[in-house]
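Participant: Here it is, the structure in full.
The values are calculated or read from the model by the stated rules, or taken from the named source; none is laboratory data. All figures in this text were calculated on a predicted structure; none of them were measured in a lab. Cβ atoms come from the backbone with ideal geometry, glycine included; neighbour counts cover every protein chain shown. Just so you know, the surface numbers come from the protein's heavy atoms only, side chains and all, with ligands and any DNA or RNA stripped out. Shrake-Rupley method; radii C 1.70, N 1.55, O 1.52, S 1.80 Å.
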Amino acid sequence: MFSSPVLALQPSKTPDAKKVMAEAMTILEKRDYARLEAMLEQYKENGDRIGDGQWKLHLAMDGIDGSAAQFADDAATVERSFSLISDWVTQKPESIMAKTALAHAWLSRAWLYRGKKYSAETSSVQFIAFDSGLENAFKVLKEIGDTQDSNPELYMAWMNLAVAAGLPTEVVDDIHVTATRLYPDYFYISLQYLVTKFERWSGEQDSLPLALKPLAVNSELFARAMWLLVDYGENYKVLGAGYSKIIQEGFTAIKGKYNSAVTTNQIAFLACFQWNDVPSFEKAFSAIGSEPDLTVWKKRDNYNKCINWAGCNKTTANK
């Protein structure tokens, strides 16, 4: 058992993302399983996204499977989600989508009761609950088996299970290869894969750079991967200066493709704290104005510091 848990990807906190999550959870709470499944299937088939390019399928799954509640240590909501999804499977036993959601729910439940502390601070009771959740998630995934009616969230569940169970690196690598071959644009798969390479958890030395480098051929994925490092407090410059231009080009590509306020804020943040690029900050600042996205900046003081650093002739009031 690893000393400190390798967490799943944290759910997005942007307003648009939270709206999708809340809508899915509302439908689940009403036990309107037919409507919920139709919505998820639509998101899967159409590849629906929100303004910053996040996939609605992933966000909706995060909304219903207890992931968001797990990170908030909200045991009651995790249990509620688990109970409702279990009922969904009972009502629709042939539904692959329902069983996929159940596998995710078992994993969320397992992580909640395992907790985020080191092994020495985690009780045997917590580990028993954790292992039981993983075993049940595995049973559900094995029951689904190989199916043509698949979806990327099924592979996300396999990835999370492999990570949580501490399976060998080659097993996690194989899952990642298969999943990205089938769903090359579903970037969450690669982001979860990168989390397994963080040295603070299960990753070996140099495993993170080796996992990052192949992603550079996809500018959008590469930019999202580098933002993951920033968001998790990892070493953003782990690949060295030679990749700086590619990273900036990736964020520019995302901005051009989605033109979202989130990306504008991310570019401003990186221009200030990573790129030392005043012109890029000033351009982003002209769009952001006095309303920075605090899901990016964490606190308003960070934004104000960058305004002063860039010498912009405007100030924002602390709120």
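Participant: How about the stretch 138-171: which of its residues are part of a helix (DSSP H, G or I) and over 19 Å from the mean Cα position of the chain (by Cα)?
Facilitator: Phe138, Lys139, Val140, Leu141, Lys142, Glu143, Ile144, Thr169, Glu170, Val171
Participant: Kindly establish whether Thr264 is part of a helix (DSSP H, G or I) and either small (Gly, Ala, Ser) or closer than 23 Å to Ser12 by Cα (or both).
Facilitator: yes
Participant: Hey, another quick one. List the number of the failed condition for Leu182; all other conditions in (1) under 18 Å from Trp55 (Cβ atoms); (2) of a type in the set (A, V, I, L, M); (3) open to solvent by less than 40 Å² (accessible area, probe 1.4 Å) hold.
Facilitator: Going through (1) under 18 Å from Trp55 (Cβ atoms); (2) of a type in the set (A, V, I, L, M); (3) open to solvent by less than 40 Å² (accessible area, probe 1.4 Å) one by one, Leu182 breaks only (3).
Participant: Only residues in the stretch 63-77 that are at pLDDT 90 or above and of a type in the set (Ser, Thr, Tyr) count as the first member; pair them with residues that are surrounded by 14 or more Cβ atoms within 10 Å (Cβ to Cβ) and not in a loop (DSSP other than H, G, I, E, B), Cβ under 7 angstrom, at least 6 apart or cross-chain, and list the lot.
Facilitator: Thr77/Ala69
Participant: Can you tell me how many residues within the stretch 63-94 are among the acidic types (Asp, Glu) and in contact with a helix residue (DSSP H, G or I) (Cβ under 6 Å, 6 or more places away or on another chain)?
Facilitator: 1
Participant: Can you pull out the residues in the stretch 40-82 that are open to solvent by 60 Å² or more (accessible area, probe 1.4 Å) and outside any loop (DSSP other than H, G, I, E, B)?
Facilitator: Matches in the stretch 40-82: Gln42, Glu45, Asn46, Arg49, Ala76, Arg80.
Participant: Could you say which residue among Ala261, Ala253, Ala284, Ala216 is surrounded by 21 or more Cβ atoms within 10 Å (Cβ to Cβ), at pLDDT 90 or above and within 27 Å of Arg49 (Cβ to Cβ)?
Facilitator: Ala284
Participant: What is the number of the single condition among (1) open to solvent by less than 50 Å² (accessible area, probe 1.4 Å); (2) in contact with a helix residue (DSSP H, G or I) (Cβ under 7 Å, 6 or more places away or on another chain) that Val195 does not meet?
Facilitator: (2)
Participant: Which of the residues that make up the stretch 214-237 are among the hydrophobic types (A, V, I, L, M, F, W, C) and within 14 Å of Ile189 (Cα to Cα)?
Facilitator: Leu215, Leu221, Phe222, Ala225, Leu228
Participant: Here's a follow-up. Mind checking which residues of the stretch 151-161 are in contact (Cβ under 8 Å) with a residue 24 or more places away in the chain and either open to solvent by less than 20 Å² (accessible area, probe 1.4 Å) or farther than 20 Å from Met39 by Cα (or both)?
Facilitator: Hits for the stretch 151-161 are Asn151, Pro152, Glu153, Leu154, Met156, Ala157, Met159, Asn160, Leu161.
Here is a yes/no grid of residues against (1) in contact with a helix residue (DSSP H, G or I) (Cβ under 7 Å, 6 or more places away or on another chain); (2) closer than 18 Å to Lys197 by Cβ:
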{"position": "Asp231", "(1), (2)": "no, yes"}
{"position": "Ala241", "(1), (2)": "no, no"}
{"position": "Ala268", "(1), (2)": "yes, no"}
{"position": "Pro279", "(1), (2)": "no, no"}
{"position": "Lys283", "(1), (2)": "no, no"}
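Participant: Counting only residues that are touching a residue at least 60 places away in the same chain (Cβ under 8 Å) and under 14 Å from the mean Cα position of the chain (by Cα), which one in the stretch 13-39 is least open to solvent (accessible area, probe 1.4 Å)?
Facilitator: The extreme case among them is Thr14.
Participant: From the list Leu141, Leu112, Leu134, which one is within 21 Å of Glu37 (Cβ to Cβ) and surrounded by 13 or more Cβ atoms within 10 Å (Cβ to Cβ)?
Facilitator: Of Leu141, Leu112, Leu134, the one residue that is within 21 Å of Glu37 (Cβ to Cβ) and surrounded by 13 or more Cβ atoms within 10 Å (Cβ to Cβ) is Leu141.
Participant: Any idea which residue in the stretch 224-244 is farthest from Gln274 (Cα to Cα), counting only those that are under 15 Å from the mean Cα position of the chain (by Cα) and among the aromatic types (Phe, Trp, Tyr)?
Facilitator: So, considering only residues that are under 15 Å from the mean Cα position of the chain (by Cα) and among the aromatic types (Phe, Trp, Tyr), the one farthest from Gln274 (Cα to Cα) is Tyr232.
Participant: If Glu234 passes every condition in (1) of a type outside the set (Ser, Thr, Tyr); (2) more than 30 Å from Thr252 (Cβ to Cβ); (3) in contact with a Phe, Trp or Tyr (Cβ under 9 Å, 6 or more places away or on another chain); (4) crowded, with 17+ Cβ neighbours inside 10 Å but one, which one does it miss?
Facilitator: Here Glu234 clears every test but (2).
Participant: Tell me, which residue of the stretch 100-130 that is of a type in the set (D, E, K, R) and touching a residue at least 12 places away in the same chain (Cβ under 8 Å) is farthest from Ile175 (Cα to Cα)?
Facilitator: Checked the stretch 100-130; the qualifying residue farthest from Ile175 (Cα to Cα) is Lys117.
Participant: Would you mention how many residues in the stretch 217-242 are of a type in the set (D, E, K, R) and closer than 17 Å to Trp297 by Cα?
Facilitator: Here the count works out to 3.
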